[in-house]
Structure formats: structure tokens, C-alpha cells
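The values are calculated or read from the model by the stated rules, or taken from the named source; none is laboratory data. Keep in mind that what you see is a predicted model, and the values were worked out from it rather than measured. All Cβ positions, glycine included, derive from the backbone under ideal geometry; neighbour counts span all protein chains shown. Calculation scope for accessible area: heavy atoms of the full protein, side chains included, ligands and nucleic acids excluded. Shrake-Rupley method; radii C 1.70, N 1.55, O 1.52, S 1.80 Å.
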Amino acid sequence: MMKVIKTIKEMQRIADKLREEGKKIAVVPTMGYLHEGHTSLMKIAREHSDFVITTLFVNPTQFAPHEDFTTYPRNFDRDFRIAEEHGCDILFNPEVDEMYPHGFATSIKINNVTEKFEGEKRPGHFDGVATVVCKLFTATKAHFGVFGQKDVQQTIVIKKLVDDLNLDIKIIVAPTLRQSDGLAMSSRNVYLSVKDRTRSSILYSALTKAKDAIEKGEKRRKIINAIMHAELRTIHSIKLDYAMSADVETLDEPEEYLPGQHIVMMIACFLGKTRLIDNMLATIPSGISEHPEKFEEM
Ligand code: AMP
């Protein structure tokens, strides 16, 4: 039977006991309204640990005042059932006052990797993310933290947080789960109108087209980005925040990528009032054939 824990003290007491018993703890931070993307993270967490804690906390400090904090989809009973069905041991579900009591005054600000893309479009967002994730780590005392590739810049920021503050936790990044038409699963997808839901697969097709071009030898960043823009522009009602590519670790944006370089293509846009983000990884071909058997045939 999965337990619901509401306070940080109680969470830490349980974590201390588990650690004394030599158990490995994994944490899966979420904002709830769970879907298969989240449950895939729980499965990976289970593979790495003896005890899985899913956290359910819609963190107000990572939303700007004009963003969708109040309308973010919430359904505790549904989330409880899904987390329990997927073998979570604890659902850590603190109230806002528990995480940010009166007088709370700390904010973790990470520089550089937060300054572009999501960070530029959502000022302060990653300060909120870094601070809450750090608190979730210290509350759960987890050995492993599992995060989705879907929020690629978030994974970069959290790895930086862990490195820079010497947090004793290993970060695992899990692949993006998609609907059959390619739309990345997201709690916010429930707010898409029927028409926008149909249109929303354009993010995946734009990313796929750019990746195809890279695999055929395209290295010029501006061309790669233009391929995504051209595809996205076929849907007139899209309001694009960005469609860009960058080095997957540093987020640097050279004019031309180098052979062997690992890059990420990222899109953020609005369909109606719903903001969607997605990304895809690609590696610039090294020039050495990955199919040596083809030469043997010659
Ligand atoms: P959220 O509840 O949206 O804050 O997401 C919680 C965690 O689930 C984050 O680490 C996300 O990156 C991850 N996640 C969200 N959507 C997906 C998806 N479609 N596939 C895999 N992981 C996801």
C-alpha cells in the first residue's frame, strides 16, 4: 500500500530509516496529472532502487504571474491511483506552506545554461525549478533522481545544480514518451482543443525533418533551425516561442556543428492558450560510415 506523506520532517524520518537499512531511494519529481511519461520514469526509478518516492507538488515559484499555475490540471485521487498502480512506495505531497513557510527567503540561481530558450522565455522559471528540486532532494534523501528528456533544459540545469552544490544524488534522464502521432505526452495536452490536438503533431514532424537533414549531412545551425521553422509555419495559428538547436551539454550555438557533436533541437510554441515544448537529440555524422558492411558489398 502506497503511503502519502505531507511533511518534510516525516519524509526525512522515513528516508533516514531506509538509508540505515541500506535501501536505495529513487525520487521522481512531478507536478501531477500523471500520464505514461511520468509512469515510465517510475519504472526506471524502480529499476535503480529499492524504494520509489514520487513527489506531487505544483510548484508556484516556477510559474510567472501570467502563467497557468491556478489552471494547471490537478486530480489527487487519479494521481494517487496511478502512482500506486505503478508500484510507488510513497507519494510525497506537501502543501505550498510546507515547502515555503512564512519567511522562506532562499532562491537558487544557476547562470549560463538558464539564460537561453526556456530561461529567456520564462524569466525566473529555472530559479523556481532549481530551488524546489533541491528541497525535494533534501526532503527525500534520494540516491537517484529521475527526470524526463522532454524537459531537456531542465535536465541540464538540474545536473548543474547537483555538480555545483555537490549534492549526493545521481541524475537519470529518461526518454520522451509520445502519443502515436508523435505528440510528446504532457499534463497540459488535456487543454488542447480537438483541432489543436490534430495540429500538435507538427512539433514532432518539425523535429523529425531537422533530424533527417542532419543525418543526411546538414551541419549549418541556421539551416537546421530554418527547416523546423518552415514546417511549423504550415500551421498558421501556431504562436512560436522558439525553434532552435544547440549543443546538448553546453547549449552553445555555433554557426556550424562539428562531426560527432551531440546536439538538441528544441521547440516551444502556443497552440491556442496551451504552451507545448518538445525536443529531439541528434548527432552530427562523424564522416566515418556507420554501415561498414555497405563497403564490403561494393
Ligand atoms: P511535470 O509533471 O510535467 O513537471 O513532469 C515531471 C517529470 O516527468 C519531468 O522530469 C518531466 O520531464 C517528465 N516528463 C513529462 N512528460 C514526459 C514525457 N512525455 N516522457 C517522459 N518524461 C516526461
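The local environment of LEU91, defined by Cβ-Cβ distances under 15 Å, has a net charge of -2 under the rule Lys, Arg +1 and Asp, Glu -1.
Among LYS150/LYS209; LYS121/LYS141; LYS24/LYS170, which pairs are too far apart, with a Cα-Cα distance over 21 Å?
Numbers: LYS150/LYS209 18 Å; LYS121/LYS141 32 Å; LYS24/LYS170 11 Å.
Checking Cα-Cα distances, LYS121/LYS141 exceed 21 Å.
Give the aspartates and glutamates reachable from LYS135 as a straight Cα distance under 16 Å; neighbours fewer than 8 places away on the same chain don't count. By straight Cα distance, LYS135 reaches GLU10, ASP16, GLU95, ASP97, GLU98, ASP127, ASP163, ASP164, ASP168. Here the mean projected area of the convex hull built on the C-alpha positions of the stretch 1-75 is 6.2 nm².
Close amide-amide hydrogen proximity is noted between LEU177 and MET185, each under 5 Å apart and 5 or more residues distant or on a separate chain (H modeled in the peptide plane; Pro and chain starts excluded). Relative intensity of the stretch 160-277 on a log10 scale, I(q)/I(0) at q = 0.15, 0.16, 0.19 Å⁻¹, equals -0.76, -0.84, -1.05, per a Debye sum over C-alpha point scatterers of equal strength in the absence of solvent.
Take every pair of alpha-carbon atoms less than 8 Å apart whose residues are at least six positions apart; their mean separation over the length of the chain yields a relative contact order of 16 percent. The stretch 102-178 and the stretch 203-236 have Cα centres spaced 28 Å apart. How many percent of the accessible area of the chain is carbon or sulfur, using a 1.4 Å probe? Of the solvent-accessible surface of the chain, carbon and sulfur hold 53 percent.
Counting only DSSP beta bridges with both residues in the chain, tell me the antiparallel percent, nearest 5.
Details: 20 of 39 bridges.
Of those bridges, close to 50 percent are antiparallel.
Taking the chain as the reference, fit the longest principal axis to its C-alpha atoms, fit the long axis of helix 221-232 to the helix C-alpha atoms, and give the angle between the two in degrees, 0 to 90, nearest 10. The helix 221-232 is inclined about 80 degrees to the chain.
Can you list which of the GluC sites (Glu not before Pro) found in the stretch 86-190 are DSSP loop residues with at most 13 other C-beta atoms within 10 Å? Show your work: numbers first, answer last.
On the way: sites: GLU95, GLU98, GLU115, GLU118, GLU120; in loops: GLU95, GLU115.
In loop regions of the stretch 86-190 (DSSP not H, G, I, E or B), the sparsely surrounded GluC sites (Glu not before Pro) are GLU95, GLU115.
Here the stretch 8-161 was treated as a single set of alpha-carbon atoms; its pair distances binned every 10 Å from 0 give 11, 39, 39, 11, 0 percent. Picking from LEU165, LEU258, TYR204, whose Cα lies most toward the positive end of the charge dipole for the chain (charges on Cβ: Lys, Arg +1; Asp, Glu -1)? It is TYR204, whose Cα lies furthest towards the positive end.
With protein chains left intact and a 1.4 Å probe, residues in the chain average 51 Å² of accessible area per residue.
Please identify the chymotrypsin sites (Phe, Trp or Tyr not before Pro) of the stretch 27-130 that satisfy two criteria: DSSP loop assignment and at most 15 other Cβ atoms within 10 Å. Which are they? The partial results should precede the final answer.
Numbers: sites: TYR33, PHE51, PHE57, PHE63, PHE69, PHE76, PHE80, PHE92, PHE104, PHE117, PHE126; in loops: TYR33, PHE57, PHE63, PHE69, PHE104, PHE117.
Listed in order of number, the matching sites are PHE69, PHE104.
Once all protein chains are placed together, ARG178 keeps about 60 Å² accessible to a 1.4 angstrom probe. The angle between the Cα long axis of helix 152-164 and the longest principal axis of the Cα atoms of the chain comes to about 60 degrees, rounded to the nearest 10.
State the antiparallel share, in %, of DSSP beta bridges confined to the stretch 51-193, rounding to the nearest 5.
Values: 1 of 9 bridges.
DSSP beta bridges in the stretch 51-193 are roughly 10 percent antiparallel.
For the chain, the longest principal axis of the Cα atoms and the long axis of helix 76-85 meet at an angle of about 80 degrees.
On a 1.4 Å probe surface of the protein chains, which of THR61, THR140 comes out largest in accessible area, and what is the full order? Display every interim value, and only then the final one.
Values: THR61 65, THR140 0 Å².
Most to least solvent-accessible, the answer reads THR61, THR140.
Summed over qualifying helices (DSSP H, 4 residues or more, each -39500 (n - 2.57)) and divided by its residue number, the chain shows a 222 nm mean residue ellipticity of -11000 deg cm²/dmol. Could you tell me what a quarter of the Cα convex hull surface of the chain works out to, in nm² with one decimal place? Over all viewing directions, the chain projects a mean Cα-hull area of 18.1 nm². Look at the alpha carbon pairs under 8 Å that are at least 6 residues apart: their mean separation over the length of the stretch 170-287 gives a relative contact order of 26 percent. Taking the Cα centre of the chain as origin and assigning +1 to Lys and Arg Cβ atoms and -1 to Asp and Glu Cβ atoms, the resulting dipole is close to 720 debye.
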